[in-house]
Amino acid sequence: MRSASVKRKTKETDIEVEINLDGGEVNIDVPSGFFAHMLDSLSRHSGMGLKLVARGDTDVDLHHTVEDIGIVMGLAIKKALGDKAGINRFGLAKIPMDESLVEVCMDISDRPYFAIHGEDPFHGQVGDLALELIPEFFRAVAFNAGITLHVTVQSARNSHHVSEACFKSFARALRQAVRLTGSEIPSTKGVL
């Protein structure tokens, strides 16, 4: 079973996550309704079981909490993948959400990188979440999971829709990349 648990406690946050890359229960308890909705979409579209409890210094804002959730989820994904033997490694998904269109390309290479291309819709706020935190979350996941991650926003008119398209396209690309397709490590180097 490809699962992992990670806990992280700092002066700013207290986060506990359990993931199962092959499915399972989804239970998300975070101090943001909109971010919980995005994480639920990520879990369901990736096929990943996710139990997440997060507390943070939300009297300041949600920055530390969102970023640290990304760190912990990235570490858990990396831990659950083990030596990465048999994974597809690469993932690509393009998701439309009404007028919004987002594409995510990833390589689980242990060479972390993150870039956003195209339109930059991450200004303002949706619900209780500052949109500038969405790239912070994905950067934290990518760097802690060892993923090369490219997000291309091709169309963005509605902040809720483009945010959701980001999470769903990331989820679908992740589902493809972690899928077991053999038994070898998918690299000419023999290691990822």
Discussion item. Go through segment 135-174 and report how many residues are in a loop (DSSP other than H, G, I, E, B) and at negative phi.
Written reply: 3
Discussion item. Just checking, does segment 30-37 include any residue being part of a loop (DSSP other than H, G, I, E, B), in contact (Cβ under 8 Å) with a residue 24 or more places away in the chain, surrounded by 21 or more Cβ atoms within 10 Å (Cβ to Cβ) and among the small types (Gly, Ala, Ser)?
Written reply: yes
Worksheet item: Which one is farthest from the chain's Cα centre (by Cα), of the residues in segment 38-59 that are part of a helix (DSSP H, G or I) and of a type in the set (A, V, I, L, M)?
Response: Met38
Worksheet item: What number of residues within segment 105-119 satisfy the criterion of being over 13 Å from Ser163 (Cβ atoms) and in a strand (DSSP E or B)?
Response: 9
Discussion item. When you check Glu67 against the structure, is it charged (D, E, K, R) and surrounded by fewer than 17 Cβ atoms within 10 Å (Cβ to Cβ), yes or no?
Written reply: no
Discussion item. Tally up the residues in segment 1-38 that are small (Gly, Ala, Ser) and at pLDDT below 95, please.
Written reply: 0
Discussion item. Suppose the filter is farther than 18 Å from Val6 by Cα, of a type in the set (Lys, Arg), surrounded by fewer than 18 Cβ atoms within 10 Å (Cβ to Cβ) and at pLDDT 95 or above; does Lys94 pass it?
Written reply: yes
Item to complete: Might you let me know whether segment 107-119 holds any residue that is closer than 18 Å to Leu39 by Cα, in contact (Cβ under 8 Å) with a residue 24 or more places away in the chain and surrounded by fewer than 20 Cβ atoms within 10 Å (Cβ to Cβ)?
Response: no
Item to complete: Find the residue count for segment 140-192, including only residues that are crowded, with 16+ Cβ neighbours inside 10 Å and either among the β-branched types (Val, Ile, Thr) or over 30 Å from Glu99 (Cβ atoms) (or both).
Response: 15
Practice prompt. Quickly run through segment 15-27 and pick out the residues that are closer than 16 Å to Asp68 by Cα and surrounded by fewer than 20 Cβ atoms within 10 Å (Cβ to Cβ).
Written response: Glu16, Glu18
Response to the item:
Of the listed residues (Ala76, Ala4, Ala85), the one being within 20 Å of Ile108 (Cα to Cα), touching a residue at least 60 places away in the same chain (Cβ under 8 Å) and touching an Asp or Glu at 6+ places or on another chain (Cβ under 7 Å) is Ala85
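The values are calculated or read from the model by the stated rules, or taken from the named source; none is laboratory data. The shown structure was predicted, so the numbers you read here are calculated from the model rather than taken from an experiment. Please note: Cβ atoms are built from the backbone with ideal geometry, for glycine as well, and neighbour counts cover all protein chains shown.
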